[in-house]
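Let me begin by presenting the structure, written as structure tokens, before commenting on it.
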Amino acid sequence: MSLTPEACAAIHWDVIVVGTGMGGATVGYDLARRGRKVLFVEKGPFLHAGFAAAPAGLNEQIVRPATAPENALEPEAAERLAGGRWPHRVRARTNLGELNFRVPTGCVTGGSTAHYAAALERFSPQDFMPRSNFPDSDDSTLPEQWPVSYEEFEPHYRAAETLFRVRGTQDPLHSGGDSVLLEPPRLSPRDAHLLQEFAASGLHPYRVHVGCDFVRDCDGCPHGPCERNCKRDAAWTCLIPALIEHGAFVYPDCEVTRINASATVADGIICRQGDTEQVLTSEAVVLAAGAFASPVLLLKSDSPDWPRGIGNQHDLVGRNLMFHGGDFVAIGPDEPLSGEGAQKTLALNDFYHADGQKLGTFQTLGLELNIGQIMQYLRETAESSTAWWKFLFSPRPVWWRKLTSPIVRLGAMVYFYAFNFRHASVWVSIVEDLPYFENRVYPDPVNEHDVLIDYRYSDELKRRVHALRDRLRDALGRRRLMVLSHENKIDFPHISGTCRFGEDPASSVLDRDNCVHGMSNLFVVDASFFPSSAGTNPSLTIAANALRVSGVIDDVIDRKHAAMVAG
Ligand SMILES: Cc1cc2nc3c(=O)[nH]c(=O)nc-3n(C[C@H](O)[C@H](O)[C@H](O)COP(=O)(O)OP(=O)(O)OC[C@H]3O[C@@H](n4cnc5c(N)ncnc54)[C@H](O)[C@@H]3O)c2cc1C
């Protein structure tokens, strides 16, 4: 028997966690493990509960109404939600033009980690002192340092690596101590060859840190939730153990629409499932709806105590929005070796810092090359080079032009690349995006569910993306490298920074423990808290931070219980 929404509302919870992604599931798991009465509220469906690997007894931990609520979404949005993807639109005003799109983040148990490639890398110690990496970026709001040092984070990195069963080998260039790593899977002949070849040319490749058990026939689940409890997403790793082993509950298909709070204390939330609205109460509220949704929820929770939205007295909620820049790159092997096997395999950080600049990491993407990417490459190349148009429309010699039409010539070109790169390995570069006050996310006043973004893709970011591309071309060989992505690629799933933490309430939304400045029990533990984005994958840092602050939240609940007993 699952819990009914009415029974759920009758319980006064120790903690309500909004969102079950990397931050939410991890912090809720740790609090449930400490014996707290935890309720997760998740806007998306509980897809994992439908998979064969779901453990017995799971249904009893799910809040469900007697009859399923009506779905009022338009067909395209409903289809996305059924697949665990964010259903609503984002309208972005950027210096590159206007965009109107559905963000590629997750809306499901596990959040975006249900779709992620599971690269779980640490930030470098220098990332915790971001201003020193960019001394000339005066227009950015980069702080001198994070309010918590790398040394303070380090034990939580270790705990997160253990929890997510991270596999890989040590990065020889990382200066922050050894990671806790399980053995990685065997390399394909192609990747073994690449590893050797890169090392022989003086680079420092290593086995990328991945949260995946690589069970038989594992393909890394690059296109959605893992059905076999193999990819270490936040649902399999934290949410389901919290429910089954530690008595937590989850309320899926339920959207939190408001945080109820006085000037200093949050009492709980208002949430909605179908047409039914409910008030739920708790000792502490943890917001982990992701860096798009958490600031929007704070801004929408205005009241006489918080006329501009909770935590927004200095107009900082939603600002300092960051993504990552970078490229998708195909590397053709110099020998036609098979790439069959695990795809998320290798990484190198030789250009994380290069020639006095902060660039970023380079790692395998986890996907095979497809014809669409080759077409994209050809289109980009054609657009940026007149030589290509000449070849297609006025080629020499004349007999060749007479014999072939542009379509045939284009076909020959596609064939040439598809053949040459048929064994290619696809990589991604990740370049740090800097925070700017004017880059922000905020609620769309017209469409209730939609979100607006103002974002300037800075010239400075563009320069560093190109600098990394050039370093890679020099190191790996120009002819072997095919840049697949378009110019100015914005890595939307790596969103962060919209409720940054810091010591000073005038320049940050959260304090060093991720509690909203001035409040005693409202925490934000998703990617919003980053004051800088570093040059690598965000998820391990989100998880490590969630484990760091769960002890603080536990103490807050203790104090509230003690006050209740005393008073
Ligand atoms: C395709 C893809 C590949 C990626 N690959 C990697 C990778 O290899 N390595 C890496 O480190 N990162 C990767 N990422 C990014 C990573 O998944 C995110 O950085 C991380 O999951 C963010 O965690 P979070 O807690 O901030 O939010 P999320 O994981 O996005 O979770 C937020 C949750 O909150 C829920 N929610 C939102 N609003 C509400 C509301 N109002 N009420 C209730 N619930 C709500 C959402 O439905 C969602 O489930 C990838 C992302 C994608 C999409």
Kindly put E183, E42 in sequence by how many other C-beta atoms sit within 10 Å of each C-beta, fewest to most.
E183, E42
Angle between the chain longest axis and helix 539-566 axis [Cα atoms, degrees, rounded to 10]
0 degrees
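Which value in deg cm²/dmol, rounded to the nearest 500, describes the helix-derived mean residue ellipticity at 222 nm for the chain, given -39,500 (n - 2.57) per DSSP H run of n ≥ 4 and division by the residue count?
Working: 13 runs with 159 residues, N = 567.
Counting only the DSSP helices, I get -8500 deg cm²/dmol.
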Could you work out how far apart the two model spin labels at S201 and R478 are, taking each label as a point 7 Å from the Cα in the direction of the beta carbon, and quote it in nm?
1.4 nm
Rounded to the nearest 20 debye, what is the charge dipole size of region 131-198 about its Cα centre when +1 sits on each Lys and Arg Cβ and -1 on each Asp and Glu Cβ?
520 debye
Suppose each label sits 7 Å from its Cα in the direction of the beta carbon; what would the R463-E448 distance come out to in nanometres?
4.7 nm
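Give the order of H486, H88, H324 when sorted by the count of other beta carbons within 10 angstrom, beginning with the fewest. If you can, show how the numbers build up before the last one.
Details: H486 13, H88 19, H324 28.
Placing the least packed residue first, the sequence is H486, H88, H324.
Work out, step by step, the length gained on full extension between L337 and S262: first 0.36 nm times the residue separation, then minus their alpha carbon distance; give nm to one decimal. Provide the component values of the computation, followed by the final result.
Values: separation 75, 0.36 × 75 = 27.00 nm, distance 6.33 nm.
Separation in residues times 0.36 nm, less the Cα-Cα distance, equals 20.7 nm.
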Which longest uninterrupted range of the chain lacks any chymotrypsin sites (Phe, Trp or Tyr not before Pro) assigned by DSSP to a loop state (not H, G, I, E or B) and surrounded by at most 14 other Cβ atoms within 10 Å?
52-436
One finds, for H12 and H353 with R0 = 45 angstrom and r their Cβ-Cβ distance, a FRET efficiency to the nearest 0.05 of 0.35
Would you mind getting me the FRET efficiency between T67 and E98? Use the beta-carbon distance for r and R0 = 35 Å, nearest 0.05.
0.25
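Using 1/(1 + (r/R0)^6) with R0 = 60 angstrom and r between the beta carbons of R131 and S405, what's the FRET efficiency to the nearest 0.05? The partial results should precede the final answer.
Working: r = 57 Å, r/R0 = 0.95.
With R0 = 60 Å, the Cβ-Cβ based efficiency is 0.60.
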In terms of the ratio Rg/(2.2 N^0.38 Å) built on C-alpha atoms, what value belongs to the chain?
0.99
Every cysteine in the chain with no other Cys Cβ under 4.7 Å from its Cβ, please list them in numeric order.
C8, C107, C212, C218, C230, C238, C254, C271, C499, C515
Taking the alpha-carbon centre of each part, the distance from region 145-187 to region 97-125 in Å is 20 Å
Amide H proximity to C212 below 5 Å, modelled H, separation 5+ or other chain, gives R167, R232
For the Cα atoms of the chain, what angle does the longest principal axis make with the long axis of helix 406-420, in degrees from 0 to 90, nearest 10?
70 degrees
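For H223 and Q313, compute 0.36 nm times the residue count separating them, minus their Cα-Cα distance, and round to one decimal in nm.
Details: separation 90, 0.36 × 90 = 32.40 nm, distance 4.04 nm.
Gain on extension, H223 to Q313, equals 28.4 nm.
Where Lys and Arg each count +1 and Asp and Glu each count -1, what net charge lies around R186 among other residues with Cβ under 13 Å from its Cβ?
Details: positive: R167, R190, R207, R216; negative: E183, D191, E340.
That sum, taken over residues with Cβ under 13 Å, equals +1.
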Cβ-placed point charges (K, R +1; D, E -1), dipole of the chain about Cα centre in debye, nearest 20:
1900 debye
Okay, which of region 136-157 sit inside 15 Å, backbone N to the point 7 Å along the Cα-Cβ direction of V180?
153-157
What number comes out for the charge environment of T26, summing +1 per Lys or Arg and -1 per Asp or Glu over other residues with Cβ under 12 Å away?
0
Would you mind counting up the charge near K560? Only other residues with Cβ under 14 Å from its Cβ, with Lys and Arg at +1 and Asp and Glu at -1.
-3
Which residue, chosen from G477, A467, V441, occupies the Cα position most advanced towards the positive end of the dipole of region 441-483, where the dipole is computed from +1 (Lys, Arg) and -1 (Asp, Glu) charges on Cβ about the Cα centre?
G477
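A short reminder: the numbers here are calculations on the coordinates, not readings from a lab. Given the structure is predicted, the values throughout are model-derived calculations rather than measurements. Because the Cβ atoms are built from the backbone with ideal geometry, glycine has one as well, and the counts that use them run over all protein chains shown.
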